[in-house]
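Notes follow the structure.
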Amino acid sequence: MKTHAAVLWGRGEDWQIEEIDLDPPRSQEVLIKWAAAGLCHSDEHLRSSDMGSTENASEDAQDQKPGLFPMVGGHEGGGVVLEVGPDVHSVQPGDHVAASFFPICGRCKMCITGHSNLCDFGAATFLPGQISDGTARYHLNGQPLNVMAKLGTFAEHSVSHEASLVKVDPDLPLGVVALVSCGVTTGWGSAVYRAEVMPGDTVVVVGVGGVGINAVQGARMVGAKNIVAVDPVEFKQKAALDFGATHTASSMEEALPIVTELTRGQMADAVILVPSVMYGDLMAGALSLTGKGGTCVVTAVAPQSQTECSVNLFELAMFQKEVKGVVFGAANPRFDIPNLLALYKAGQLKLDELITRTYRLDQINQGYQDMLDGVNIRGVVTFE
Ligand SMILES: [Zn+2]
Ligand SMILES: [Zn+2]
C-alpha cells in the first residue's frame, strides 16, 4: 500500500514528507494506522547529533554506514490495528495500541527478570530491517527505508513486530496513549523506579520538558516533600508547579541555596537529570545538589561521543552517592504503559495538560522548531 511518512535523509536535514510503499505484514507483524505521534527529543537527537551510531566513530564515518538513512522517524505513537500477519497472538484488528520504544521479546534474561526495557530486541533499534527477519517493509522508489525504533510513527501507517506494540483500552484518547508510550513513562519511572523516591524526600528535577515534567509527577505521586524544578524557560517552570513541583529555579546554581535551605544543608535525596541534551560537565552541579546517600539519575540522552564527565570522586565515595543511568524509566512497557493510563483515568496522572500544541504531519519541522524554542511541553502530530 501507499502511505505518507516523514523521512530523514541525513543528519542535520529537515524532515521530508514522502509517499512511500509499505508491504503487508509478515509473520508476527502488524499493520497499524497511527492516530497520534509524539514529538520526542530522541528523533531530534537522531537528526542533530550522533545518536544511532553503533560505535564511537566520527559522525562522518557513521553517516556512510549503510542503512541508517533514509529513515522514517517517530517512536511515540497511539493507533489502531488494521491487519495482522500470521502468528500474531497479542493483538487483533480493531485493537488500540501504544508504540513501545523498546520491543519486548518476553524470553531474554532481561525480560524474564523484570527489566524488559533492556530486552535483547532493543539491540537492533537502529539497524535496518524488521525484527522478524531483517528485511524491509518500507520502500521509496525501490530503495529500502530504515525505521526509527522499528516503529516509524511519523507515518500514517506502519508495519511493526507485535513485540513493539502494547494493547491499551479503546476509550483512551490516542494522543495521550502516544505520550505514555515513551516520554511520560521515561520521566515517571526515572523518579519512581530508578531514583526510588520515598515519601518525605527532597527531589530536584533538572529540565522539565516533556520527560522531566513527568519525573515531577512521579515524585509527587510517591509523596516527595520538596520537588525543585530546574529549567531556564519560565513557562516550563510555571507548568512544573501545576504538575506538583514545590519550588522552581532557572539553573542548578540557583537551585543550590534553595535546596540547602529546604534540607538544612542535607541536600537532595534524588537529583534527576533531564536537560534537552546531556553533557558531562553537568554532573558536577548535579552531584553538589545530591546529598549523603543520595541518588543522581541520568535520564537525558547525551551525544554518543560524550565519554568524560566531572565528578568529585572523593565526595562520591565519602558521601556514598549513587549515579545511575536509566532508559525508559526502568519501566516494563507491557505493565507500565497500561498502568500509567489507568492512573490517568483515575485522575491521578495529568496527561491532557502535557499536550501544548498539535500539528499535521506536514508541519513536523515547525513542531520540532517549537520544541527547540522551548514553547511546548509536548507537541503531538495528529493524523486524519
Ligand atoms: Zn521518546
Ligand atoms: Zn527480551
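The values are calculated or read from the model by the stated rules, or taken from the named source; none is laboratory data. In this text, all values refer to a predicted model and were calculated from it rather than measured experimentally. Don't worry about glycine lacking a Cβ; one is built from the backbone with ideal geometry, like all the others, and counts go over all protein chains shown. These area figures cover heavy atoms from the full protein model, side chains too; ligands, DNA and RNA do not enter into them. Shrake-Rupley method; radii C 1.70, N 1.55, O 1.52, S 1.80 Å.
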Worksheet item: Given the residues 60, 87, which is the only one that is modelled with pLDDT of 95 or more and either surrounded by fewer than 16 Cβ atoms within 10 Å (Cβ to Cβ) or within 23 Å of the chain's Cα centre (by Cα) (or both)?
Response: 87
Worksheet item: Of (1) under 24 Å from residue 203 (Cβ atoms); (2) modelled with pLDDT of 95 or more, residue 309 satisfies all except one. Which?
Response: (2)
Discussion item. Give me the strands (runs of 3 or more DSSP E) completely within region 141-217, filtered to those with at least 1 residues that are among the β-branched types (Val, Ile, Thr) and in the same structural domain as residue 291 (by TED's automatic domain parsing), ordered by residue number.
Written reply: 202-206
Worksheet item: Restricting attention to region 103-127, and to residues there that are more than 8 Å from ligand 2 (Cβ to nearest atom), part of a loop (DSSP other than H, G, I, E, B) and open to solvent by 70 Å² or more (accessible area, probe 1.4 Å), which single residue is farthest from residue 329 (Cα to Cα)?
Response: 127
Worksheet item: Is it the case that region 132-151 has a residue that's of a type in the set (D, E, K, R), under 17 Å from the mean Cα position of the chain (by Cα), within 16 Å of ligand 1 (Cβ to nearest atom) and at pLDDT 95 or above?
Response: no
Discussion item. Need a quick list: strands (runs of 3 or more DSSP E) entirely within region 275-380 having at least 2 residues that are buried (at least 22 other Cβ atoms within 10 Å of the Cβ).
Written reply: 290-298
Fill in: Residue satisfying all of: in region 255-274; at negative phi and out of contact with any helix residue (DSSP H, G or I) (no Cβ under 8 Å at 6 or more places or on another chain); surrounded by the most Cβ atoms within 10 Å (Cβ to Cβ) among these
269
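Looking at region 218-230, which of its residues are outside any helix (DSSP H, G or I) and open to solvent by less than 10 Å² (accessible area, probe 1.4 Å)? Let's see the steps before the verdict.
Narrowing region 218-230 to residues outside any helix (DSSP H, G or I): 222-230.
If the condition is that a residue be outside any helix (DSSP H, G or I) and open to solvent by less than 10 Å² (accessible area, probe 1.4 Å), then 227, 228, 229, 230 are the ones that fit.
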Worksheet item: Quick check, is residue 94 in contact with a strand residue (DSSP E or B) (Cβ under 9 Å, 6 or more places away or on another chain), at pLDDT 90 or above, open to solvent by less than 10 Å² (accessible area, probe 1.4 Å) and not hydroxyl-bearing (Ser, Thr, Tyr)?
Response: no
Item to complete: Search region 71-102 for residues being touching a Pro at 6+ places or on another chain (Cβ under 9 Å) and assigned to a loop (DSSP other than H, G, I, E, B), and hand back the single one that is nearest to ligand 2 (Cβ to nearest atom).
Response: 102
